[in-house]
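The values are calculated or read from the model by the stated rules, or taken from the named source; none is laboratory data. Predicted model only: the values in this text are computed from it and were never measured. Every residue, glycine among them, receives a Cβ derived from its backbone with ideal geometry; neighbour counts consider all protein chains shown.
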Amino acid sequence: MKKFKPKEINKILCIKPRGIGDIVLSTIILDNLISYFPKVKIDFLTETFAKDAVENNPLVNKVLTIERTEFPLKVAYRIRKEKYNLILDLWSNPRSAQITFLSGVKYRVGFGYRGRKYAYNILATSERGKHHSAEHNLELLNALSIPIISKNIHYYVSNEDDLFGKEFVRNNFSNNDYIIGIIPSGGWQSKRCDASMWVKICKAISEKIKSKFLIIWGPGDEEDANFIRNNLSDLSVLSPKTSVKQMSGLINNCNLIIANDSGPMHISAALGVPTIGLFGPTDPKSHRPFSELSDYVINENLFCRICNLQECIYKHECFMDLSVDIICEKVSSLLAKSKRLIR
């Protein structure tokens, strides 16, 4: 293990190639790094499609991008030219380990996963599941004895994208509406709450709270989004096709967000929007929205919950049997707690 000399650090590269939500959660390290190294420049390395997760972040100096099929040695060569003192491999998969090793950076920090230890001269614990996945990133800082003074995650909406959201809301909702954004996206099919259940949830909420629903969708969500819109009728508005940045502008102009376990859920939490995550096959203790103004719902009584299967082998009871009453209670509680004003 290499002895770490903090005074040598003035430029850091953080590697987190993909997973919009994973990248947002990794920003938990930023306040701590800046506190410990006040004059440091911090760059991120992401895949091109995921750069939106940190591109507008004022705490990040620059975003380097790679393609998923790009040869590791070619990426490492570009990193060498940037003259970093420290690499934090927040991904620590076989490919990012190769890139880190080949970079030639003096201090290379990563998780001690099997088959990847060769790449790092400072190792963080490889143990997972003890805490939220956002906090797992902090183990890299613990390996450097950097004090943890903050557990804030960060996402920033540009003025242009926030204006896009404001104008859409202004043109489609009245000033008296509580706007609840619902996001049917999910990386796996089993993580997606069924469209018919979304309709049931929204109708139950509308009976208790004077609200309208903004259906925020992305690629692959079209069928579910249209089904929800057609069955909610005047209670809902369907968002237009958007980029990740524009979608974030819409999220930022809602009173509350309900979402599946997904990248947009984590963006919402990072923006400080009250957020409720709907969980089934994944563990909310590790993946819930990471903010004080957030909560989650899971069917605690279901024997097969947190199965981590990408395709359900039963009848998707984890979502179809969710308690609508509990969801309504948590919506009411978060709205009362936040007193969030928009427009």
>> Can you say whether Ser145 is at positive phi, out of contact with any Asp or Glu (no Cβ under 9 Å at 6 or more places or on another chain) and either charged (D, E, K, R) or not in a strand (DSSP E or B) (or both), as far as the supplied structure shows?
In response: yes
> Any idea how many residues of the stretch 179-206 are within 17 Å of Arg229 (Cα to Cα) and not in a loop (DSSP other than H, G, I, E, B)?
Replying inline: 17
> Got a number for residues in the stretch 156-177 being of a type outside the set (D, E, K, R) and not in a helix (DSSP H, G or I)?
Replying inline: 7
> Which of the residues that make up the stretch 226-248 are surrounded by fewer than 24 Cβ atoms within 10 Å (Cβ to Cβ) and among the aliphatic types (A, V, I, L, M)?
Replying inline: Leu232, Leu235, Val237, Leu238, Val244
> Can you find a residue in the stretch 336-343 that is part of a loop (DSSP other than H, G, I, E, B) and either touching a strand residue (DSSP E or B) at 6+ places or on another chain (Cβ under 8 Å) or modelled with pLDDT of 95 or more (or both)?
Replying inline: yes
> Are any residues in the stretch 66-75 among the aliphatic types (A, V, I, L, M) and either within 19 Å of Lys41 (Cα to Cα) or under 26 Å from the mean Cα position of the chain (by Cα) (or both), and if so, which ones?
Replying inline: Ile66, Val75
> Can you name the helices (runs of 4 or more DSSP H) wholly within the stretch 249-324 that have at least 2 residues being surrounded by 23 or more Cβ atoms within 10 Å (Cβ to Cβ) and not acidic (Asp, Glu)?
Replying inline: 263-270, 317-320
> So how many residues does the stretch 130-147 have that are exposed (fewer than 15 other Cβ atoms within 10 Å of the Cβ) and either in contact (Cβ under 8 Å) with a residue 24 or more places away in the chain or within 21 Å of the chain's Cα centre (by Cα) (or both)?
Replying inline: 4
> Which pairs do you get when a residue that is among the β-branched types (Val, Ile, Thr), found in the stretch 110-124, comes within reach of a residue that is assigned to a loop (DSSP other than H, G, I, E, B), reach meaning Cβ atoms under 9 angstrom, with the pair 6+ apart or on two chains?
Replying inline: Ile122/Met1; Ile122/Lys2; Ile122/Phe4; Ile122/Ala143; Ile122/Leu144
> Got at least one residue in the stretch 221-237 being within 24 Å of Glu55 (Cα to Cα) and part of a loop (DSSP other than H, G, I, E, B)?
Replying inline: no
